[in-house]
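**Student:** The structure follows.
All of the numbers you see were taken from the coordinates with simple rules; none came from a lab. The model shown is predicted, which means the values in this text are computed figures rather than measured ones. Don't worry about glycine lacking a Cβ; one is built from the backbone with ideal geometry, like all the others, and counts go over all protein chains shown.
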Amino acid sequence: MKIGIIGLGYWGPNLVRNFLSQNLVEKVYGCDMNEDRLMFVKSRYPSVELLKNYNELLEKDIDAVAIATPVNTHYKLALQALNAGKHIWLEKPFTSTTVQAKELIELADSKNLKIFVDHTFLYTGAVRKMKDLVSNGELGDIIYFDSVRVNLGLFQHDVNVIWDLAPHDLSIMNYLIPDKKVTAVTACGISNYNEIENLAQLSLHFENSSCFAHFHVNWTSPVKIRKMIIAGKEKMLVFDDMENSEKIKIYNSGVDITTTEGIHNALVQYRIGDMYSPKIEQTEALSLAAREFITSILEDRKPLTSGEEGLEVVKILEASDKSIKNRGLLIEFEQSFEKFYYHSVLPFQKVG
Ligand SMILES: NC(=O)c1ccc[n+]([C@@H]2O[C@H](COP(=O)([O-])OP(=O)(O)OC[C@H]3O[C@@H](n4cnc5c(N)ncnc54)[C@H](O)[C@@H]3O)[C@@H](O)[C@H]2O)c1
């Protein structure tokens, strides 16, 4: 298979390295309009053929294109690649709008081309272990996600911190609890330096109040924290991505209410049992992601992280924009026959 990678900035060179190491890949092309980035890749990976012009890349005899450019360029570049008959890999977040995401999915389906969205975390040993634990019922019914992803991060020019960082957490959440339906979104944040929010909090409500999720993202924190608590009715899990060896800890802890006859009579019993840290696989996530993309093409099936998974994340991001601009207004999802649309809980603020 021959792969072209467009966008050789911060993230693209990681794709170059991981596609080069796949034994099913015979040639990798790289494309960036910035000469310095081409020189950088040339110095590290001399076997990569480099081009400045995307149209020239699409004219090459390649099977697939990986797009690692800023979010607001994803749709246009992906559309061109699909129209040129190439399978596509898109960096997270998939697109800037749900309309764009749906159009790309439909186009790819009509041409039997694959869309892979790089929700990298789903290929980490830690998240795969978490999936096993949730699927085999060890945690019991999941009642909340509480997550912090903060550091002195790279400011993106075209999207706010929710669009940049929350796709990781949202894709993990959707993967772990695919059957729980998000019904409403609320987001608050602040732009301290320009028009783009650098700190934000995102909360999700679920059907029948079956779960709640809260994500705190920040590009301007003095310390780097990557922590997620996933609470089940039976056990609770803490995922700390800053830990080297014990990234996941399972706590046999919980709360049992033995009587519900009024708050004063309620007997709350705390369960504090053992904690253990399961062994997790160490294979580099991007390498597994690249293999999944390639095999999904060869086996003519949807990849684990397809356009549909990308769309589910973009729906929440899009709703978060509407909420954050209205200081945390609750944006509820409603499903019509053809498409999702949003409306606020306040009258006369119907959007989307
Ligand atoms: N999966 C992950 O964990 C992860 C991590 C970081 C970034 N990303 C994603 O990767 C994408 C890129 O992010 P980044 O931080 O590398 O951005 P970046 O700005 O560092 O790099 C983007 C590069 O694309 C090039 N480019 C843009 N438009 C082009 C065009 N039309 N033709 C040729 N080159 C073009 C720019 O010159 C630049 O070198 C974003 O979608 C981001 O969200 C994903």
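**Student:** How high is the relative contact order of the chain, given as a whole-number percent (alpha carbon pairs under 8 Å, six or more residues apart)?
**Tutor:** Contact order relative to length: 17 percent.
**Student:** Continuing with this model, one more query. Could you give the Stokes-Einstein D for the chain in µm² per second, using the C-alpha Kirkwood radius, 20 °C, 1.002 mPa s?
**Tutor:** Working: Rh = 21.6 Å.
Value of D from the Cα-based Kirkwood radius: 99 µm²/s.
**Student:** Can you give the calculated 222 nm mean residue ellipticity of the chain, where each DSSP H run of n ≥ 4 adds -39,500 (n - 2.57) and the sum is split over every residue, rounded to the nearest 500 deg cm²/dmol?
**Tutor:** -9500 deg cm²/dmol
**Student:** I want to check the label-to-label distance for Tyr144 and Glu59. Put each point 7 Å from Cα in the C-beta direction and report it in nm to one decimal.
**Tutor:** Distance between label points: 5.8 nm.
**Student:** With axes computed from alpha carbons, what is the tilt in degrees of helix 35-44 against the longest principal axis of the chain, rounded to the nearest 10 within 0 to 90?
**Tutor:** 90
**Student:** Oh, and also: DSSP loop GluC sites (Glu not before Pro) in the range 160-257 with at most 12 other Cβ atoms within 10 Å of their Cβ, which ones?
**Tutor:** Taking the range 160-257 and a limit of 12 other Cβ atoms within 10 Å, the loop GluC sites (Glu not before Pro) found are Glu195.
**Student:** To the nearest 10 degrees, how steep is helix 161-176 against the longest Cα principal axis of the chain, on a 0 to 90 scale?
**Tutor:** Helix 161-176 sits at roughly 70 degrees to that axis.
**Student:** What FRET efficiency, computed as 1/(1 + (r/R0)^6) with R0 = 45 Å and r the Cβ-Cβ distance, is obtained for Leu298 and Ile190, rounded to the nearest 0.05?
**Tutor:** Computed FRET efficiency for Leu298 and Ile190: 0.45.
**Student:** Between Glu26 and Gln269, what is the label-to-label distance in nm when each label sits 7 Å out along the Cα-to-Cβ direction?
**Tutor:** Taking the two extended label points, one gets 6.7 nm.
**Student:** Using only the Cα atoms of the range 2-113, build the gyration tensor, take square roots of its eigenvalues as a ≥ b ≥ c, and label the shape rounded, prolate or oblate: rounded if a/c is under 1.5, else prolate if a/b is larger than b/c, else oblate. Show your work: numbers first, answer last.
**Tutor:** Values: a/c = 1.93, a/b = 1.50, b/c = 1.28.
Prolate shape, in that a/c is at least 1.5 and a/b is the bigger ratio.
**Student:** Calculate how steeply helix 71-83 sits against the longest principal axis of the alpha-carbon atoms of the chain, using the helix alpha-carbon long axis, and give the answer as 0 to 90 degrees to the nearest 10.
**Tutor:** Rounded to the nearest ten degrees, it is 50.
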